Every structure is written in C-alpha cells, then in structure tokens.
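Undergrad: One structure is given below, represented as structure tokens, and several questions about it will come after.
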Amino acid sequence: MKLRKVTAASAVVLALAVSVTACGGDKKDDASGGKKIKIGIKFDQPGLGLKQPDGSFSGFDVDVATYVAKKLGYQPKQIEWVETKSADRENALQRGDVKFIAATYSITDERKQKVDFAGPYLLAHQDLLVKKGSDITKGTDLNSKKLCSVTGSTSAQNVQKTIAPKANLRPLSGYSECVAGLQSGAVDALTTDDSILAGFAAQDKYKGQFQLTGLKLSNENYGIGVKKGDSATVDKINKALEQMVADKSWDKAVEKNFGPAQYKNEPAPKIGDIVK
Amino acid sequence: MFDFLEGYDVLGAFWTTVQLTVFSGVGSLVWGILLAGMRVSPVPLMRGFGTAYVNIVRNIPLTIIILFTSLGLADIFGVTMGAEDFKIQGFRLAVLGLIAYTAAFVCEAIRSGINTVPLGQAEAARAIGLSFSQTLRLIVLPQALRSVIGPLANVLIALTKNTTVAAAIGVAEAATLMKTMIENEAQTVAIGAVFALGFVVLTLPTGLLLGWLGKRLAVKR
Amino acid sequence: MSSVLYDTPGPRARTRNVVLSVVFFVLLGLVLWWAAMKLDDKGQWAWALWKPFTTSEAWTTYLLPGLGNTLKAAALSMVIALPLGAIFGIARMSDHRWVRIPAGVVVEFFRAIPVLLLMLFAGEFYVRSTDIPSDSRPLYAVITGLVLYNASVLAEVVRAGILSLPKGQTEAAYAIGLRKGQTMAGILLPQAVTAMLPAIVSQLVVIVKDTALGGVMLQFTDLLNARSTLAANYANVIQSFAVVAVLYIVLNFLLTSFASWLEGRLRRSTRGTGAVLGAGTVEDLNAGEVGGSAPAGKTG
C-alpha cells in the first residue's frame, strides 16, 4: 500500500519533470531555423556585453561580434549569444560550444597555449573608478584606501603584487556589487579594465556620479578567442576587424558604448600587435 | 603535470578553510543549541522566533546569506566586526554568515535528538522539581547531543565544503585560490581535481572520526 | 514533546512568559526599526531600485527563465537521486561484502567533494565522452553533480532510517517466509522512508538551493545567476538579492508544505495497516519509535 503511494507520488513528480523538460525542448526547436552561429559573450557587463530587459544584447563586444559575424556570412538574426563566464572561456572554445568568444578576453601567454586569438580589437588598461571629486589620482594613492575588485581577477592580483600592496583590497563576486559599494561609500575605488569601468559609469543609474582616473596600470589586449588550430577562422576574423576599423564602424561602436563615460579609448589596435 | 601548483600557497588556503570551519563549527553549535532551546521553550514568542528563523534561513541559498553579511551588514548597517581591513573583516563576516546558516541545521539535528530522549527522563526531571532550563541543560541535552553526533558530523562535513562559498566575499580560502589559479593558468579540470582531493582529505577523516565517536558515546538503551 | 519539558504554566509562569514575550517583541521591533532606518539612510528604499520588479520584462527576461531552470534541475535531480539513494543505502547494508564495500566507498567519496567541483567534473565528462549538445550540457552537469552528492547523503539517511527500525520487523518478516529482498522492499523501506521523511525533505531543499552552484562556473542560468544579469541592468544589487531570496523561501516553503502533507498521509496509512493486522498495541509502540527515534541526517 504505502509503497504504491510513494511510487504514485514519484510518478507524478517524474511526469511533471518530464513535461518541464519537454517544454524547454520545444522552444529550442522553434528557434533553430537555418544555420546559426554561436558566439560567446558576457551577459552582465554594461557597455561590453549585457542582456537587456527586452532580451536583446548590447555592448562593444556585442557590436564587434555582430560585425565579425556579418563578415563571416551570418546576419544578426542567425547569431545565438551564449554566456561565457571567465572560468569557462577556454573550455567553451575547446569543446566547440561557440565559434568564437568576444568577452573582455585579454590575450595572455597562458591562454594562447589553449586557444588561438584573433585581434586584438581593443587595447584596454587596468584603471580605477572613483566617485566624482575623489582625491585618488595615482596608483600609490590606493595604499590605505578601500579598493574593490572581483575575486581572483588579474586586476586584483596586480594591485596586491605591484600597484599598491598596502591597499585594503576587497574582493567581491561581481562588478555590480563593487559599483554598488562604491556608490554607497563602502569602498573608495573599484579597479579592473577601463572598458568595463566605463561601461558601468555610462549606465543611466550612475551617470555623472563616477569618474575614471585614466591611469594605465596594465595593458589588456582584448582578442577574439577561437578554437586552437582554427587558423582559417582567425584569418577571417582578423580581416573583418581590419574592415571594421577602416569603415569607421569601430569608432562608432566605441562612441556608442563608452561615450557617456568620458572614456579616452586607445586608437584601434593593429591586428597581431600585442602591447605588453 | 602539477607544475601549475608552483607559486601558489595551496596549503595556506586550505588552512584558512580549516579555520573557517572550526570557528563557524563552534559558533553554530552554540547558536544552534540556543535555537533548539528556544524552539522547545515555554515562551511562545521565542518558540515562534526559533521556528521562523530556522524555516527562513534554511530555505535561502548560503551564497545569498554570505553576500548579505558583506553587502548588507557591513556596507549598510555598518557592522564591520571590529575590523577595517577587509581581509579580517571578510573572514569574520563569513564566519558570522556560516554560523547563521549552519546553526539552523544544528538546531534541527538537536531537536530530533531531543525527540530520542525517552519521555520518562523529562518527566522524572520535572517530578524532582527541576525548572525548564535545568531539565534541558542537565537531563535532556546531554543525552540528546550524544545521540545526534552522527547527524552533526554530516552538518560539519557540509560546513567544511560550504566554506567555499566565502569566496563570494573574497575570503582567501581554498575556492578563492582555485578561482585565481584557473584565471591565470587556464587549466580548470586539473586545478579542480587538486582542490577536490584537498576536500576529501579534510572531510573523510572528520566523518570517520565522528562516526566512531558517535558509536562510542551513544546512549545504550 | 515540548510540553513534556516544562510544567503547564501557572499564573506566575504565565505572567513571566508574557513579560518575556513583550521584552522579546520590543527588542525585535527595535532591531527591525533600526534596520529600516539604516536602509533609508543609504537610499535603499528608493522606488527606482524596486520598480523594475513591477515590470514584466524583469520577470520574463531574467527571473522566470532562471526560476524555470532552477525548478527543472531540482526536480530532475530529486527524481533521480531519491531511488539511487535508496539503492545505495540498501547496498551498504548488504550481506555480501563485494556489494557493501564498493557502495560504502562511493557514498563516502561523493559526500566528501564539494558539489561545485562534482558539477565541473561532470561537465568535463560529458564533453569528452558524450555528444550532448552544448545548450543542455550545463543542465546535465548540474543534475549529475547534484545527484551524485545528494544520492550519497540520501543513502545515509535511508540507511539510518532502516537501522532505526525495531529488529522485530525484520524477524517477523522472515518468520512469515519473506525473502531478504521482499523484506527490504515491502517491510523495511516503506517504514524507513516514512520515518526519515523530515530528513529527506530537508535534503530536497538542499537540492533546490544547490542548483545555484550551477551558475558559478558552468553556464547554467539558474535563478541566482539570472539575478546578476538583472542587477547589472537595473543597478539594484541589494534589492535583487532580496527578491531572489524571497523566491527561494517561497519555493522551498511550498516543497516542505507538500512534504508534510505527504507525511501526514503516509503516517495515517501506517496506522491503518496496523489495524488490519490486528496488533494495535504493538503497532502503536513501534509507531512511536519510528516517528521519534530516527536520527535525522541533515546537511547544508
């Protein structure tokens, strides 16, 4: 008796679960009409890669990726955006989950052993975001100041090792949390790539509250990650990037995404020219 | 093969994990016992508070609780735990969050332990004129605690692994170092395996030791 | 049970209880008031920060898909982990050493590793040895990690439940000629599951919450992961955490309510069977023990 009831209950749950997955499956089938390209981006970084309330995507990485995809023969409609978190970027490429990744992906020697890079398409620098009128103007000012960054990020490590070892570093799980802390005065500065900082500073909610210090604490060459050995795609993407710079779409994208933050971007980098 | 370990203080990170576990373990045991006491107490409002606390805290993911200690308690309510240095503050806040969370589970384990104490024990205690707190402290809890060492061992093992969530507010424990290493070395699985091994080394002996202790101390009935 | 711990309050005790209650209530009220003031100081009550949750986009774009994924992963993990846990729990008590020892090793091993890492390894395993499409791979990895860990914990819960049953149950089953398998499936397991239901339910709650680990390193858009995208858009970190926390509480409250309803039904049916057997007194004694003595294996 009892057993039968337990079985019945689990059968109900199973049926529910199956129907839930079935629903998920249907949706996917509808979407996949014609050939698709999967591109890895960030979903939670304003100005670079952000999933907006209406479900569309915005940001510089998104614009660059859209342009590149077009040159590879894919219309914006055929793009399927995939979230690639920092820890999963190399794996996503190795596994072939995505065709390429444009997700604040700095070209480094360690990563080059695992994946190939096209570009760079943007030269960013580690910088500080502070409140308007803050007295922090150089890296050493950070000593004894409260500084926020993301756990494990290269920027956090840079601060600890070289820039200001005595800074009171607060690692948090995401940039949004850091920006909130900066706004409430819980931290004095936030450090990461200037492009990411500019994206936050340009958000409507924060417009006019923050400023970038313009320090170039490091060089981050954003590249487009491609599966190791896929040199044909690398070449195509490089060509697309060159065109993007040549026909001024690159400048427009920079202006559109970072403009409101008074972000002094570097000129478009030459392909293969990695600034150490 | 393991050359990626060079230059990282893996042992130091696991030492922080151990410290987090020990401090939170002791704290949550104390707070958990208090909560269990509240849940069986004669004061209705305390009973209500105990029940509400356990049911709310148990149902929230630990990540949210830990982040709340930092973004909420420290930033908004100014509870800095007597430390301006974020390294110390983060550690203390993480311990606080882990205590708040784990105590709910400790409380429930102890409550089920109280249920295993035969009714006659409490009745006899009342018959000789002991008050509620005396009955609980002298008669019921000592027996209840001995019978729930097994479940408490489970809670402790879970706590050891839950300390990894402290990475969310940047406590320099094992999971934080793991994230840093993955960011730098781009070898997710190999690094993950090393840290998994570390946790097996930490939790397996705990489980075996407490399991043995539980058997030895069990109240024979 | 709680009433056994203290005498029925007399007039003095009642007054004391009322005074204690009032003091407690006032203290709690003061803390809450102070918290509300502090939140106000920092401008956290600003309508602009809460308003997004009244728009349909916030729900349809971020929260509901996230909630859907959380539910999907949790439901599937439960459905797989429960029977698997029962099997491993029983296997650990097998008379055959070649069954008992491997089962024990598996259970202890998977209990010892953080779920997050189990998910990571499962994801990698699916990449190397299967051709599951990349869209659904995170879901598979999350479910695998949750199943491996929670089945191990549930195995221990089931084992503790079976061990807590009176020996007489097994002896009686053998006496009426049931075989080992029949005794386990027909006599011991149903009683053990009923006895351990509270512990099992709290493990199911753990499953729901642990789906949140899928978003940490894998690309699994669960509720908590969807929150970070939401907060990046609306710049409302604290508020989004509050809303998501409430969603989790409601979800788990529904789960536990359903479980206690189920528990009530199962308990009633226990008594019913006892009456049919015509062993009322014995059954009552056992029922008390079954309901009370089971040590609960709760984990976070």
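Every number in this text was worked out from the coordinates using simple rules, so none of it is lab data. As the structure is a prediction and not an experimental result, all values here were calculated from the model. Cβ sites come from the backbone with ideal geometry, for glycine too, and all protein chains shown count toward neighbours.
Undergrad: Where the only charges are on Cβ atoms (+1 Lys, Arg; -1 Asp, Glu), what is the dipole of region C:1-135 about its Cα centre, to the nearest 20 debye? All intermediate terms of the calculation are to be shown ahead of the outcome.
TA: Working: 12 positive and 9 negative charges, 116 e Å.
My answer is approximately 560 debye.
Undergrad: Using amide H atoms built 1.01 Å from N in the peptide plane, name the residues 5+ places from A:S218, or on other chains, whose amide H lies under 5 Å from its own.
TA: Long-range HN contacts for A:S218: A:Q126.
Undergrad: Let a ≥ b ≥ c be the square roots of the eigenvalues of the Cα gyration tensor of chain A; is it rounded (a/c under 1.5), or, if not, prolate (a/b larger than b/c) or oblate? Show your work: numbers first, answer last.
TA: Values: a/c = 1.99, a/b = 1.31, b/c = 1.51.
The shape class here is oblate.
Undergrad: In addition: Please find, in a Gaussian network model of chain B (springs between Cα atoms separated by less than 10 Å), the residue of B:S24, B:S70, B:S131 whose mean-square fluctuation is greatest.
TA: For chain B, modelled as a Gaussian network with Cα springs under 10 Å, the answer is B:S131.
Undergrad: Can you tell me the FRET efficiency between C:A172 and A:V245 if r is taken as the Cβ-Cβ distance and R0 is 56 Å, rounded to the nearest 0.05? Don't skip to the answer; put the middle values down first.
TA: Values: r = 84 Å, r/R0 = 1.50.
That gives a FRET efficiency of 0.10.
Undergrad: Using amide H atoms built in the peptide plane, which far-off residues or other-chain residues are under 5 Å from A:K228 H to H?
TA: Placed amide hydrogens put A:D116 under 5 Å from A:K228.
Undergrad: What does the net charge come to around C:S21 if you take all other residues with beta carbon closer than 14 Å to its beta carbon, with K and R at +1 and D and E at -1? Provide the component values of the computation, followed by the final result.
TA: Numbers: positive: B:R47, C:R14, C:R16; negative: none.
Net local charge, C:S21 excluded: +3.
Undergrad: Follow-up. Figure the gain on full extension for A:K207 and A:Q52 (residue separation times 0.36 nm, minus the Cα-Cα span) and round it to one decimal in nm. Let's see the in-between values first.
TA: On the way: separation 155, 0.36 × 155 = 55.80 nm, distance 1.77 nm.
Working it through step by step, the gained length comes to 54.0 nm.
Undergrad: As I understand it, the dipole of region B:3-217 uses +1 on the Cβ of Lys and Arg and -1 on the Cβ of Asp and Glu, about the Cα centre. Which of B:L136, B:V30, B:V95 lies farthest toward its positive end?
TA: Farthest towards the positive pole: B:L136.
Undergrad: What's the magnitude of the charge dipole for chain A around its Cα centre, counting Lys and Arg as +1 and Asp and Glu as -1 at the beta-carbon? Answer in Debye, nearest 20. Walk me through the numbers on the way to the answer.
TA: Working: 41 positive and 32 negative charges, 137 e Å.
Using Cβ point charges on Lys, Arg, Asp and Glu, chain A gives about 660 debye.
Undergrad: Continuing with the same structure: Arranged from highest to lowest average of other beta-carbon atoms within 10 Å per residue, in what order do the peptides C:25-36, B:149-160 appear?
TA: Details: C:25-36: 11.0, B:149-160: 24.3.
For the peptides C:25-36, B:149-160, the packing ranking is B:149-160, C:25-36.
Undergrad: With a point put 7 Å past each Cα toward its Cβ, work out how far A:K264 is from B:A52 in nm, to one decimal.
TA: Modelled inter-label distance: 5.6 nm.
Undergrad: Also, I was wondering about something else. Looking at chain C as a GNM with Cα springs under 10 Å, which of C:Q239, C:Q191, C:Q169 has the largest mean-square fluctuation?
TA: So, out of C:Q239, C:Q191, C:Q169, the one fluctuating most is C:Q169.
Undergrad: On to the next question. If you take the charge dipole of the protein assembly as shown about its Cα centre, with +1 on Lys and Arg Cβ and -1 on Asp and Glu Cβ, which of A:S176, A:A156, C:Q203 is farthest toward its positive end?
TA: Selected residue: C:Q203.
Undergrad: Can you work out the FRET efficiency for the pair C:S94 and C:V246, with r the C-beta to C-beta distance and R0 = 51 Å, to the nearest 0.05? If you can, show how the numbers build up before the last one.
TA: Working: r = 45 Å, r/R0 = 0.88.
Using R0 = 51 Å, I get an efficiency of 0.70.
Undergrad: Can you tell me how much longer the chain between A:K36 and A:K256 gets when fully stretched, taken as 0.36 nm per residue apart minus their C-alpha distance, in nm with one decimal?
TA: Working: separation 220, 0.36 × 220 = 79.20 nm, distance 2.66 nm.
That pair, A:K36 and A:K256, stretches by 76.5 nm at full extension.
Undergrad: Now a separate question. If you plug each phi of region C:95-100 into the Karplus form 6.51 cos²θ - 1.76 cosθ + 1.60 with θ = phi - 60°, what whole-Hz ³J(HN,Hα) values come out, in order, with x for Gly and Pro?
TA: Working through the residues one at a time gives 6, 8, 5, 6, 8, 4 Hz.
Undergrad: Let me ask you something else. Return the whole-Å distance between the Cα centroid of region C:148-170 and the Cα centroid of region B:27-85.
TA: 31 Å
Undergrad: Under a cut-off of 20 Å between alpha-carbon atoms, report the aspartates and glutamates in cross-link reach of B:K161, not counting same-chain residues fewer than 8 places apart.
TA: Straight-line reach from B:K161, under 20 Å: B:D9, B:E108, B:E173, C:E108, C:E156, C:D210.
Undergrad: Hey, another quick one. Can you compute the modelled spin-label distance between B:A124 and C:T60, with each label point 7 Å from Cα toward Cβ, in nm?
TA: 6.8 nm
Undergrad: So, one more: Hey, what's the Kirkwood Rh for the protein assembly as shown if you take every pair of different alpha carbons, in angstrom? Don't skip to the answer; put the middle values down first.
TA: On the way: mean 1/r = 0.0353 Å⁻¹.
Hydrodynamic radius (Kirkwood, Cα only) of the protein assembly as shown equals 28.4 Å.
Undergrad: Could you check which residue among A:G55, A:G229, A:G47 shows the biggest mean-square fluctuation in a GNM of chain A with a 10 Å Cα cutoff?
TA: It is A:G55.
Undergrad: Let me spell out the model: positive unit charges on the Cβ of Lys and Arg, negative unit charges on the Cβ of Asp and Glu, origin at the Cα centre of region C:1-45. What dipole size does that give, in debye rounded to 20?
TA: 140 debye
Undergrad: Do any of A:K38/C:K209; A:K70/C:K51; A:K77/A:K112; A:K42/A:K166; A:K42/A:K270 go past 28 Å between their Cα atoms, and which?
TA: Working: A:K38/C:K209 30 Å; A:K70/C:K51 37 Å; A:K77/A:K112 31 Å; A:K42/A:K166 31 Å; A:K42/A:K270 24 Å.
A:K38/C:K209; A:K70/C:K51; A:K77/A:K112; A:K42/A:K166, as the Cα separations exceed 28 Å there.
Undergrad: Right, something else. Per residue of region A:50-67, in order, report the coupling 6.51 cos²θ - 1.76 cosθ + 1.60 (Karplus, θ = phi - 60°) as ³J(HN,Hα) in whole Hz, putting x for Gly and Pro.
TA: For region A:50-67, the Karplus curve yields 9, 7, 8, x, 7, x, 8, 10, 9, x, 5, 4, 5, 5, 4, 5, 4, 4 Hz.
Undergrad: I would also like to ask the following. Which Cα, out of C:V193, C:L146, C:I238, lies furthest along the positive dipole direction of region C:47-292 (beta carbon charges, K/R +1, D/E -1)?
TA: In region C:47-292, that residue is C:V193.
Undergrad: Short version: ³J(HN,Hα) in whole Hz for each residue of region B:67-83, in order, from phi by Karplus 6.51 cos²θ - 1.76 cosθ + 1.60 (θ = phi - 60°), x for Gly and Pro, what are they?
TA: 5, 5, 4, 7, 6, x, 4, 6, 6, 9, 8, x, 7, 9, 6, x, 9
Undergrad: Can you list which of the GluC sites (Glu not before Pro) found in region B:66-161 are DSSP loop residues with at most 14 other C-beta atoms within 10 Å? List each step's numbers first, then the result.
TA: Working: sites: B:E84, B:E108, B:E123; in loops: B:E84.
When the GluC sites (Glu not before Pro) of region B:66-161 are filtered for loop state and at most 14 Cβ neighbours within 10 Å, B:E84 remain.
Undergrad: Separation between the B:L34 and A:K276 pseudo-spin-labels, each 7 Å from Cα along Cα→Cβ, expressed in nm?
TA: 5.8 nm
Undergrad: Round to a whole angstrom and tell me the spacing of the C-alpha centers of region A:154-213 and region C:229-254.
TA: 23 Å
Undergrad: Sticking with this one: Here are some pairs, A:K146/A:K256; A:K145/A:K207; A:K114/A:K205; which of them have Cα atoms lying more than 28 Å apart in this structure?
TA: The pairs that break the limit, which is 28 Å between Cα atoms, are A:K146/A:K256; A:K114/A:K205.
Undergrad: Would you tally the net charge around A:D247, using a Cβ to Cβ cut-off of less than 12 Å, leaving A:D247 out, and scoring K and R as +1, D and E as -1? Before the final figure, lay out each step's value.
TA: Numbers: positive: A:K70, A:K71, A:K248, A:K252; negative: A:E242, A:D251.
Within the 12 Å Cβ shell, the charges total +2.
Undergrad: Can you sort C:R227, B:R58 from fewest to most other Cβ atoms within 10 Å of each residue's own Cβ?
TA: On the way: C:R227 26, B:R58 21.
Ascending Cβ contact count within 10 Å gives the list B:R58, C:R227.
Undergrad: Taking a threshold of 31 Å on the Cα-Cα distance, which of the pairs A:K71/A:K161; A:K85/A:K236; A:K85/A:K161; A:K51/A:K264; A:K36/A:K252 fall above it? Intermediate values should be presented prior to the final figure.
TA: Numbers: A:K71/A:K161 42 Å; A:K85/A:K236 25 Å; A:K85/A:K161 25 Å; A:K51/A:K264 25 Å; A:K36/A:K252 26 Å.
With Cα atoms farther than 31 Å apart: A:K71/A:K161.
Undergrad: Sticking with this one: Could you work out how much longer the chain between A:L72 and A:T137 gets when fully extended? Use 0.36 nm per residue separation minus the Cα distance between them, nm to one decimal. Could the numbers behind the result be given before it?
TA: Numbers: separation 65, 0.36 × 65 = 23.40 nm, distance 4.33 nm.
Net length gain for the segment: 19.1 nm.
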